[in-house]
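Here's the structure we're looking at; comments come further down.
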Amino acid sequence: MSGPTSQSLTGLEPLAESIAKPSRRSPASPVVMSWIVLLVSILYFGLPLVGTLIFSLRAQPFGEAYKMMVSDGQLFKDLGYSFVIAIITVLVSIGLLVPTAFWVRLRLPRLRPIIEFITLLPFVIPPIVLVYGLLSTFSGPPLALTGSNLGSDALLVCAYVVLSFPYMYRSIDAGLRVIDIRTLTEACQSLGAGWFTVLWRVILPNLRVAILSGAFLTLAIVVGEFTVAIFLARPMFATYLQLISQTQAYESAAVALMSFAITWAAMGVISLIGRGRQEKIIAGVH
Amino acid sequence: MTQTAQIGDARTAPQPGRRRFSGTVLGVAPFLLFAVLFLVLPTAYLFVGSLQTSTGQLTLDNFAHLTQPYTIAAYEASLEISLVTAILGGLFGFLLAYATIAGGLPKPIRGAIMTFSGVASNFAGGPLALAFIFTIGRAGFLTVFLRAIGLDPYGAGFTIYSKIGLEIVYLYFQLPLMVLIIAPAIDGLKKEWREASENLGASNVQYWRRVALPILLPSLLGSVILLFGNAFGAQATAFFLTGGFIPLVTILIGSQLSGDALGDKNLGYALAIGMVAIMGVTLVAYSYLTRLAERWQR
């Protein structure tokens, strides 16, 4: 500890130093370190956004890059298409996963590890591999889907539903854990309700919060997704950005910021929904 | 279990044995059918294709052909970039998470950092690549600024269209992902542990080396592995940034998809399956490590 420059008088200096150390460091320095870490992070995360903003504002005359946000019909068409696809994805995902998670918890607890494993598979099969497999499987007979626009749209939705599995299943399952589905189901059935009524009138409303956070995460992922959208060649927001990034530099900066704002809005809604609860927003579909 | 059995029985007469069980399984049939059609079947198609020659005979040659220089280079580049960004993202992400949760910063900052991490971990593909090009690209505002004060990064050999450039960009979603997944583990560090070790005379360094790090280690390793998988599977960001200039595995699969880059369909399938195998190993390691970590989070 004591370097060659400091003189050792008694041989106890290292000990004295190690005793003095904790009191010397606390309490101010960890907080200072935290602020430094925070400021460096803000720089790293802020600069690219600032850079994009500055670039988008360089277009002449001032604000020109943002003009197409009100004038470019294609942008609205593609953005609208992305949102429609995202909403259908969310609905299909809910329709598929809520009854499944409910049924597994109620009747088939032994199947749970298998279902959970399947919903985690999209983490193992990256989007590029999934789209590769989907295109290989569904571009020829007997299951030709890519021949028509409707078929391609269906394939796009199915791919996104698969990508939403990990997030949706986890939020739904977490939601089911905190409500007593067994008692609720028994109560409904003793009042004469069928399975559909149980799910639609009782389970679903109770899962509202859990489903909403998964839904908005899925929405953000689908609207900002690139790999599947581009390889299935659908007119998504991503395809639009790809196109204008090659021809209109300033405009692409403006659209990139817009995409960030959309994700931000979705996450804002999630944290509003999950306020007061320990909500984990974990994603990572690139 | 007995309770489970009673619910249906209230309405439908109990049916013994097999038939009743298969009826119950029908409840998850739509999900299973969907998963088989759009997840299992496509993967199986790639898998079977990877074991076939172009004429349909069974072979292992496709995997042997993965040892060609350019496929090896692709795997190496993917592994290197994933490893570097997983470790750096893990390190800086942990520092940021620890600073915001336990570092004595004002409370509201935590909520802001967590929400922002949710946004940034999803910010990938085109917009992310563009944002960095506008910032540290050849004409980016930071590059211009640095050049003006006499520090020209491009003069020093740096370029954003390189592995290092790509790593800097990847950290933008890797670091926040780390913040999100490590936060519960940091929350789980109990104050009592620090107090107990201080009472026993431990220094700050000793507390970290003997108490905090061993407890956090499985979570840290698990998170870094998840980050690795996250970067390994990424395609769009690299595609937008370099247009295929850096031949990652995902980029190679992409160009195989849009043309026949490898000149051999079945080799492309083998490339994809090799990728799934690596991702599978990372997920198994991750789930093992999180199970270890959960011991401390009760």
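Key figures for this structure:
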| item | result |
| --- | --- |
| Conditions (1) within 25 Å of A:Leu120 (Cβ to Cβ); (2) more than 12 Å from chain A (Cβ to nearest Cβ); (3) in contact (Cβ under 8 Å) with a residue 12 or more places away in the chain: number failed by B:Met178 | (2) |
| Pairs with Cβ under 6 Å, 6+ apart, first in the range A:208-230 and over 13 Å from A:Gly268 (Cα atoms) and in the same structural domain as A:Val90 (by TED's automatic domain parsing), second of a type in the set (A, V, I, L, M, F, W, C) and not in a helix (DSSP H, G or I) | A:Ile221/A:Val285; A:Ala229/A:Met236 |
| Residue within the range B:184-203 that is in contact (Cβ under 8 Å) with a residue 24 or more places away in the chain, within 29 Å of B:His65 (Cα to Cα) and buried (at least 21 other Cβ atoms within 10 Å of the Cβ) present | no |
| Residue check, B:Leu216 away from chain A (no Cβ under 13 Å) and either surrounded by 19 or more Cβ atoms within 10 Å (Cβ to Cβ) or more than 26 Å from B:Val249 (Cα to Cα) (or both) | yes |
| B:Thr143 farther than 17 Å from B:Ile246 by Cβ and facing chain A (nearest Cβ under 7 Å) | no |
| Criterion violated by A:Ile128 - all others in (1) under 23 Å from B:Val28 (Cβ atoms); (2) within 11 Å of chain B (Cβ to nearest Cβ) satisfied | (1) |
| Search result, residues across the range A:208-250 that are surrounded by 24 or more Cβ atoms within 10 Å (Cβ to Cβ) and not in a helix (DSSP H, G or I) | A:Gly224, A:Glu225, A:Phe226, A:Met236 |
| Test: A:Ser171 is small (Gly, Ala, Ser) and within 18 Å of A:Val84 (Cα to Cα) | no |
| Flag if B:Ala73 is surrounded by 13 or more Cβ atoms within 10 Å (Cβ to Cβ), more than 30 Å from A:Glu116 (Cβ to Cβ) and of a type in the set (A, V, I, L, M, F, W, C) | yes |
| Single condition B:Ala156 does not satisfy, out of (1) hydrophobic (A, V, I, L, M, F, W, C); (2) more than 20 Å from B:Gly93 (Cβ to Cβ); (3) in a helix (DSSP H, G or I) | (3) |
| Options A:Arg112, A:Arg107; residue that is within 28 Å of A:Tyr169 (Cβ to Cβ), within 9 Å of chain B (Cβ to nearest Cβ) and of a type in the set (D, E, K, R) | A:Arg107 |
| Residue among B:Ala129, B:Ala148 that is more than 7 Å from chain A (Cβ to nearest Cβ), hydrophobic (A, V, I, L, M, F, W, C), farther than 23 Å from A:Ile36 by Cβ and over 29 Å from the mean Cα position of the chain (by Cα) | B:Ala148 |
| Within the range A:252-276, tally of residues that are farther than 15 Å from B:Ala112 by Cα and modelled with pLDDT under 75 | 0 |
| Condition broken by A:Pro27, with the remaining ones in (1) closer than 24 Å to B:Leu39 by Cβ; (2) modelled with pLDDT under 80; (3) not aliphatic (A, V, I, L, M) satisfied | (1) |
| Members of the range A:41-99 that are of a type in the set (A, V, I, L, M, F, W, C), facing chain B (nearest Cβ under 10 Å), touching a helix residue (DSSP H, G or I) at 6+ places or on another chain (Cβ under 8 Å) and more than 30 Å from A:Arg177 (Cα to Cα) | A:Phe45, A:Leu47, A:Leu49, A:Val50, A:Leu53, A:Ile54, A:Phe55 |
| Matching residues, the range A:135-145, being in a helix (DSSP H, G or I) and free of Cβ contacts under 8 Å to residues at least 60 places away in the same chain | A:Ser136, A:Thr137, A:Phe138 |
| Any hit, the range B:57-65, residues being more than 11 Å from every other protein chain (Cβ to nearest Cβ), in contact with a strand residue (DSSP E or B) (Cβ under 7 Å, 6 or more places away or on another chain), surrounded by fewer than 22 Cβ atoms within 10 Å (Cβ to Cβ) and not hydroxyl-bearing (Ser, Thr, Tyr) | yes |
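The values are calculated or read from the model by the stated rules, or taken from the named source; none is laboratory data. Please read all numbers here as calculations on a predicted model, not as lab measurements. Note that we place each Cβ from the backbone using ideal geometry, even for glycine, and neighbour counts take in every protein chain shown.
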